[in-house]
Each structure stands twice: as C-alpha cells, then as structure tokens.
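Read the structure below first, then the notes.
The values are calculated or read from the model by the stated rules, or taken from the named source; none is laboratory data. Since the structure is predicted, the reported quantities are computational estimates derived from the model, not experimental observations. Neighbour counts run over all protein chains shown; Cβ positions are idealised from the backbone, glycine included.
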Amino acid sequence: MRYLVESLALGALRRGRPVEQFLGGSGTAESPEVRWVEIRPVPEGFVVVLHEDEDIGGEDFCDLHGLPGVEREDGEQNFGREIAVVGESAEALQLAEQELGAHPDRWCNQGVAGGDYLDYMRAGRPDATPR
C-alpha cells in the first residue's frame, strides 16, 4: 500500500514519523526539477517543507531524499524550504494541500513517495502529475 488514508497519515505524524508527497515536475527543459513536500514532527509541532530538487533520477535511482537540491541564488544548495511550523498534524496536512497543491489521498510514509517519482519518470516526465 503506497498511500495513507488521512487517519493513517495523521497517526504517523502523531507517532513522530514524517509523511511526504511527490508533487511533480518543474523547472525548465534545460534545468529540469521535481517538487515534493515533507511534513515532519518538530518540538514546536509540525514543519511543512517544500523540496525543489534537480531531476536527475532514472530507473535505477528514484530516491527523492538522494536528489541534490536546486542551487539557491546565494550559490548554496537548497535542502528544502520551510513553509511553516504549525501546532497540529491536521493543520500541517491542510496547509500543504492549500499552499502547495498536495493531494489529500496521496500522502506516503517517509521514503515511499519515490515510487511516484519513478512512475513520473516512466510516464516520460509529463508537465503535470495526474491526480
């Protein structure tokens, strides 16, 4: 089972486990990128992090966590942009869905969203990931 129903995603977060979701391709033809969102527990609540990484994966490599971040304007590598820290797990899911376009039925346990990235590559890297 790749996707978590909302109650399981909320339960994972409450147990201290991150959830993630592949959001699709971005960037340009010359500099292709992929976007994915991660929600992880922190002492203050739950942090929502948007990752924008170089799309360098292939059939033999689809680990989103292993992709290099897109270089920032200051020349440093981007390891994810913190969108917000919120107090409740449900609020974090809702924020990611409203602000980043995450889909409520496509949350995965940490490390599992790479399967969606692999599907994206096998589909020829379409402009928009089907929902």
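Please indicate, with yes or no, whether at least one residue in region 22-40 is farther than 16 Å from GLU99 by Cβ and touching a Cys at 6+ places or on another chain (Cβ under 9 Å).
Yes, because at least one residue in region 22-40 is farther than 16 Å from GLU99 by Cβ and touching a Cys at 6+ places or on another chain (Cβ under 9 Å).
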Checklist entry - Within region 41-63, can you find the residues that are at pLDDT 95 or above and either among the aliphatic types (A, V, I, L, M) or exposed (fewer than 12 other Cβ atoms within 10 Å of the Cβ) (or both)? => result VAL42, PRO43, GLU44, VAL47, VAL48, VAL49, LEU50
Checklist entry - Based on what the data block shows, is ARG14 closer than 17 Å to LEU93 by Cα, surrounded by fewer than 15 Cβ atoms within 10 Å (Cβ to Cβ) and touching a Pro at 6+ places or on another chain (Cβ under 9 Å)? => result yes
Checklist outcome for this item: Selection from region 41-52 of residues on the phi < 0 side of the Ramachandran plot and in contact (Cβ under 8 Å) with a residue 24 or more places away in the chain yields PRO41, VAL42, GLU44, PHE46, VAL47, VAL48, VAL49, LEU50, HIS51, GLU52
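Being at positive phi and either exposed (fewer than 14 other Cβ atoms within 10 Å of the Cβ) or not in a loop (DSSP other than H, G, I, E, B) (or both) is the filter; apply it to region 87-129 and report the residue that is farthest from the chain's Cα centre (by Cα).
Taking the candidates together, the pick is GLY124.
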